[in-house]
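What follows is a short report on a single structure.
Derivation of every value follows stated rules applied to the coordinates shown; laboratory data play no part. Everything numeric here is computed off the predicted structure, so don't read it as measured data.
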Amino acid sequence: MRIGIPLETRFGETRVAATPETVKKYISQGHTVIIQQGAGVASSQ
């Protein structure tokens, strides 16, 4: 299965749909994870 993690688009929203730990779990289960460029940048500032 392919799982997409989108960039946050709502003003003031900085959360991302998955944590690094969740992404690792998905990959270890054989899923493909696609993360939109720039997703999470605002949450780390």
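Computed values, structure above
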| item | result |
| --- | --- |
| Taking the convex hull of Cα positions in the chain, its mean projected area over all directions (nm²) | 3.1 nm² |
| Length-normalised contact order for the chain - Cα pairs under 8 Å, 6+ apart - percent | 54 percent |
| Expected 222 nm ellipticity per residue - DSSP helices of 4 or more, -39500 (n - 2.57), all of the chain, to 500 | -5500 deg cm²/dmol |
